Amino acid sequence: MQRGGPDVLQGLQLPYCLLQEAVLGSPTSMARLMDCLADREVIRNEALLLLAALSTANGELQKIAAFEGAFDRVFTIAAEEGGCAGGMVVVADALGLLANLLRANLANQRLFR
């Protein structure tokens, strides 16, 4: 994975746990983050990394992201980047987010099927 996401968090000077709490505490925050996945390429890529970092070990954020359409958006990004033959870094980041959303999360695994 690229390292842009953690740089964004360092720029905010917030620990992951505080940012996770803020996202969980705001009813529209995940929807807004998901909207960033459809924005300009630079913003999309940073949002992808940020979502991957936030969803690494937080089951609630994983579920919210999945119900906000993360699976479709991840596959859209991968297709826009040319899949395995295209932008390997962005595709790998997208698939890393997908793996985070599915790993050890039975609700998301059922939704994904």
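Out of everything in the stretch 54-83 that is among the acidic types (Asp, Glu) and part of a loop (DSSP other than H, G, I, E, B), what residue ends up being nearest to ALA94 (Cα to Cα)?
Top of the filtered list is GLU81.
Would you confirm, using the coordinates I've provided, whether LEU95 is among the hydrophobic types (A, V, I, L, M, F, W, C), part of a helix (DSSP H, G or I) and either touching a residue at least 40 places away in the same chain (Cβ under 8 Å) or surrounded by 18 or more Cβ atoms within 10 Å (Cβ to Cβ) (or both)?
Spelling it out, it is not the case that LEU95 is among the hydrophobic types (A, V, I, L, M, F, W, C), part of a helix (DSSP H, G or I) and either touching a residue at least 40 places away in the same chain (Cβ under 8 Å) or surrounded by 18 or more Cβ atoms within 10 Å (Cβ to Cβ) (or both).
Would you kindly identify the helices (runs of 4 or more DSSP H) lying entirely within the stretch 1-53 that contain at least 1 residues that are farther than 20 Å from MET88 by Cβ and modelled with pLDDT under 90?
4-12, 16-25
Just need a number here: residues in the stretch 49-71 that are closer than 16 Å to GLN109 by Cβ and charged (D, E, K, R).
Residues flagged as closer than 16 Å to GLN109 by Cβ and charged (D, E, K, R) within the stretch 49-71 amount to 2.
The values are calculated or read from the model by the stated rules, or taken from the named source; none is laboratory data. None of these values were measured; they are calculated from a predicted model. Methodologically, a virtual Cβ is constructed for each residue, glycine included, from the backbone with ideal geometry; neighbour enumeration extends over all protein chains shown.
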